[in-house]
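First up is the structure itself, then whatever we jot down about it.
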Number of protein chains: 2
Amino acid sequence: MNVTRKGMLIVVSGPSGVGKGTVVHAFLERYQTARLSVSVTTRARREGEIEGVNYFFRTVPEFEKMIERGEFLEYMRVYGMNYYGTLRSHVFESMENGYDVVLEIDVNGAMRIKEVCPEAVLIFIAPPSMSDLKTRLYGRGTETDDVIERRYREAYVEMGYLRSYDYVVVNDVVDKAVDTMCHILDAERCRIARNEDLLNSIDEEIKKYD
Amino acid sequence: MNVTRKGMLIVVSGPSGVGKGTVVHAFLERYQTARLSVSVTTRARREGEIEGVNYFFRTVPEFEKMIERGEFLEYMRVYGMNYYGTLRSHVFESMENGYDVVLEIDVNGAMRIKEVCPEAVLIFIAPPSMSDLKTRLYGRGTETDDVIERRYREAYVEMGYLRSYDYVVVNDVVDKAVDTMCHILDAERCRIARNEDLLNSIDEEIKKYD
């Protein structure tokens, strides 16, 4: 890995049921410079979860102080209950160390990241079709119809943000979706705006020649 | 190949000596949906060259009539001698048939394409460094020092346009440069702006649900 190069910030969103977690997990296994961002949460730690690996666990008052101090790139409160947030310092330190940091967050968080880090790469994992998504949601068979119906409504709302993303990756076959994510990152690495060091060194050589 | 999907327009530039031809040739072998655009030229046909395969051969008066009729996306006249041009109809027909059309043209042509087709993907093949490029130019050993010196000056001018491109691909190892070009095209295919059909079909499904 090239640690001298600053990493990229990658936002991955997609509706519940699209298989986003599976794609992101397989992507992280494959793409050596990518690391999942560890979120801060106020929810209780579950058996086996490790501080700093699964989450940074904080109390609500602690979390709210961190909000006041502007420590979050984005945060949300789920149904007025638990907070979840992305720590600015955690993300930027990883990037400075050459890692491409992946945020798996919802559309609201993604829009917020786009505001504060316009150079972030926003990827939306989409189902091949909405009817396919419905089949996947019902196919799980682990939740009540009410829960599924709510997820499906939320999925519709999330899909409405698709046009604000940079890329859409259709999760038809997981392996292909993972390949595509890897290729998007390879391509983004070659974007002119991400190669200031190279361009500046060429400029220097051109000046010497003039 | 998916012929129902409109192809992309890919512009590849790079200074003389960078190995652009080798990279483009290997890329075309590898990337099944890509085709090199056949240029129109007024220069004499050489032994073995085939009309419509290597070039479309035209006389100077014919070429100038085509200019008047606006048949070119871009054209140039080399040292006041021969014309070279990219035929609008040839490019657009290939794209309509689902092919990604590759134009291997100089920086002026590329800037012209960017004006008339803002959705074109502009790739610049760069040497690892300018001193590396000088070594490559001299290493050929087939031209006089004057010719090399002129090429090198031109290379410097071309490099000055790098910031107007979308991507820079450093040709250090040919195979890696070709991989990168393939990945750039895969990524571009997933750009939101290139997936209007998918987005519209999702919009339709969302409207039905509301």
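Every number in this text was worked out from the coordinates using simple rules, so none of it is lab data. None of these values were measured; they are calculated from a predicted model. Here the Cβ positions follow ideal geometry from the backbone for every residue, glycine too, while neighbour counts run over all protein chains shown.
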Response to the item:
Quick calc: nm separation of the 7 Å Cα→Cβ label points for A:L199 and B:S129 -> 2.1
Item to complete: Please report, to one decimal in angstroms, the Kirkwood hydrodynamic radius of the protein assembly as shown built from all distinct Cα-Cα pairs.
Response: 24.3
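Stick to the Cα atoms of segment B:44-124, pair each with every other, and give me the Kirkwood hydrodynamic radius in Å at one decimal. Numbers along the way, then the final one.
Working: mean 1/r = 0.0721 Å⁻¹.
When all Cα pairs of segment B:44-124 are included, the Kirkwood radius is 13.9 Å.
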Response to the item:
Heads up, segment A:67-106 by the C-alpha gyration tensor (a ≥ b ≥ c square roots of eigenvalues; a/c under 1.5 rounded, else a/b over b/c prolate, else oblate) looks oblate
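Please find the FRET efficiency linking A:V147 to B:E96, where r is the Cβ-Cβ separation and R0 is fixed at 45 Å, and quote it to the nearest 0.05. It would help to have the intermediate numbers written out before the result.
On the way: r = 46 Å, r/R0 = 1.02.
Working from the Cβ atoms, E equals 0.45.
Kindly state, to the nearest 0.05, the FRET efficiency for B:Y79 paired with B:E51, given R0 = 25 Å and r defined as their beta-carbon distance. Don't skip to the end; give the middle numbers.
Details: r = 24 Å, r/R0 = 0.97.
Working from the Cβ atoms, E equals 0.55.
Can you give the longest run of chain B that contains no GluC sites (Glu not before Pro) sitting in a DSSP loop with at most 16 other Cβ atoms inside 10 Å?
Working: sites that count: B:E47, B:E49, B:E119, B:E143.
Segment B:50-118 is the longest.
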Discussion item. Using square roots of five times the C-alpha gyration tensor eigenvalues, list the equivalent-ellipsoid semi-axes of chain B in whole Å, biggest first.
Written reply: 32, 23, 15
Item to complete: For segment A:155-210, just say rounded, prolate or oblate: build the C-alpha gyration tensor, square-root its eigenvalues into a ≥ b ≥ c, call rounded for a/c under 1.5, and beyond that prolate if a/b exceeds b/c, oblate if not.
Response: oblate
Worksheet item: Over segment A:1-83, how many percent of alpha carbon pairs lie in each 5 Å bin up to the one with the longest distance?
Response: 3, 11, 17, 20, 21, 16, 10, 3, 0
Fill in: Sum of -39500 (n - 2.57) over DSSP H runs of 4+, divided by residues of chain A (222 nm, nearest 500)
-14000 deg cm²/dmol
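Considering only segment B:9-209, what is the antiparallel percent among its DSSP beta bridges, to the nearest 5? Could the numbers behind the result be given before it?
Values: 8 of 27 bridges.
If we restrict to bridges inside segment B:9-209, about 30 percent are antiparallel.
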Worksheet item: Along Cα→Cβ at 7 Å, what distances in nm separate the A:M81 label point from those on the other copies, shortest first?
Response: 7.7
Worksheet item: If the limit is 24 Å between Cα atoms, which of A:K6/B:K20; A:K207/B:K114; A:K134/B:K208 go over it?
Response: A:K6/B:K20; A:K207/B:K114
